[in-house]
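*Asks:* Here it is, the structure, as structure tokens.
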């Protein structure tokens, strides 16, 4: 499978707007989870599989290939690691994670009313 590329049609965008290509890539099963775990440092295939708990080896292999081709991860002697671009992406995802906790609290509070 080919990764989504800016300027080419992607899920949700015929024009392939860069943000839509990024959303398409990151919307693939386990893509953001792998990036999240690699922020903790390099990891081998087996370590990533354990960290991602329910991921199948075939999906992990596919996502590693996608993220490698997209320039977000690289293979190092210690295992897979985020590239500088991957680290930049994580720094953008971190505030989204923080927001998600506030959102969850809001939904929880509404459910109790």
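*Asks:* Summarise the long-distance tail of P(r) for region 1-76 by giving the % of C-alpha pairs beyond 20 Å. Working shown, then result.
*Replies:* Details: 871 of 2850 pairs.
The answer is 31 percent, as a whole percent.
*Asks:* Going by how many other beta carbons lie within 10 Å of each one, how would you line up 14, 37, fewest first?
*Replies:* Placing the least packed residue first, the sequence is 14, 37.
*Asks:* As a check on your grasp of the helix formula, calculate [θ] at 222 nm for the chain: sum -39500 (n - 2.57) over DSSP H runs of n ≥ 4, divide by the residue count, round to the nearest 500.
*Replies:* Values: 5 runs with 66 residues, N = 113.
Calculated mean residue ellipticity at 222 nm is -18500 deg cm²/dmol.
*Asks:* Take every Cα pair under 8 Å in region 18-108 that's 6+ residues apart, average their separations, divide by the length, and report that relative contact order as a whole percent.
*Replies:* Working: 73 pairs, mean separation 25.3, N = 91.
Result for region 18-108 is 28 percent.
*Asks:* Sort 36, 30, 99 so that the residue with the fewest other Cβ atoms within 10 Å of its own Cβ comes first and the one with the most comes last. Present the calculation step by step, with values, prior to reporting the outcome.
*Replies:* Numbers: 36 16, 30 21, 99 10.
Going from least to most buried by this count: 99, 36, 30.
*Asks:* Let me ask you something else. Please work out how much length the chain gains when fully extended from residue 46 to residue 74, using 0.36 nm per residue of separation minus the C-alpha to C-alpha distance, in nm with one decimal.
*Replies:* Details: separation 28, 0.36 × 28 = 10.08 nm, distance 1.58 nm.
Residue separation times 0.36 nm, minus the Cα-Cα distance, leaves 8.5 nm.
Read-outs: derived from the displayed coordinates by stated rules, not from any lab. Bear in mind that the values here come from a model prediction, so they are computed numbers and not experimental data. All Cβ positions, even for glycine, are placed from backbone atoms using ideal geometry, and neighbour counts span all protein chains on display.
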